[in-house]
1. Of all the stretches in the chain, which is the longest one without any exposed loop site, taking GluC sites (Glu not before Pro) in a DSSP loop (any state but H, G, I, E, B) with at most 14 other Cβ atoms within 10 Å?
2. Using Cβ counts within 10 Å as a stand-in for footprinting exposure, how do Phe73, Phe78 rank, fewest first?
3. How large is log10 of I(q)/I(0) for the chain at q = 0.11, 0.12, 0.13, 0.19 Å⁻¹ when the intensity is taken from the Debye formula with one equal scatterer per alpha-carbon?
4. For Asn12, what is the net charge nearby, where nearby means another residue's Cβ is under 14 Å from its Cβ and Lys, Arg count +1, Asp, Glu -1?
5. Net charge within 11 Å of Ser40 by Cβ-Cβ distance, Lys/Arg positive one each and Asp/Glu negative one each, not counting Ser40 itself?
6. If the stretch 34-91 were replaced by its equivalent ellipsoid, with semi-axes equal to the square roots of 5 times the Cα gyration tensor eigenvalues, what would those be, largest first, whole Å?
7. Applying a 10 Å radius around every beta-carbon, put 55-61, 43-49 in order of their mean neighbour count, most first.
Amino acid sequence: AELTVNYAIAQNTSVSWSNRYSIEESDVPEFLNRQTYRTSLALRHAFTARISVGLQVAYQHDEYDGNAVMSGFAEDSFDIAVTARYAINRNFALDVGYTHTEVISDSSFFREYSRNRIYAGATFTF
């Protein structure tokens, strides 16, 4: 099940709230599947027709069901991202961004981590 709500706060500012619940294939080989709930809130603002920025916070909760050999476990992920875009023309744009991720897990698989990602790229739309 998935639900997304988009709202234009002002002429150049929008907010989007997304929620999703699903049963997915596990990314841990010892478990067949996991139940996942994701939610995110994104804010986007265009300063000019060419320059826009975004802020997104996201949360994900995973429940890995136990089996005959191993007990189940839960995992929580938190993300915060900041992005900026400069549109050179209607087909080409430059993007930069930063994302911080925290994963907290009660498993014995040493799955907890914290990471920072910085990226830059170009988008060509045709």
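Throughout, read-outs are computed from the coordinates displayed, never taken from laboratory work. Small disclaimer: the values here were computed from a predicted structure and weren't measured. For neighbour counting, all protein chains shown are included, and Cβ atoms are generated from backbone atoms with ideal geometry for every residue, glycine included.
1. 31-111
2. So the residues, fewest neighbours to most, are Phe78, Phe73.
3. At q = 0.11, 0.12, 0.13, 0.19 Å⁻¹ the computed log10 ratios are -0.53, -0.61, -0.70, -1.09.
4. Once positives and negatives cancel, what remains is +3.
5. +1
6. Here the semi-axes work out to 39, 10, 7 Å.
7. For the peptides 55-61, 43-49, the packing ranking is 55-61, 43-49.
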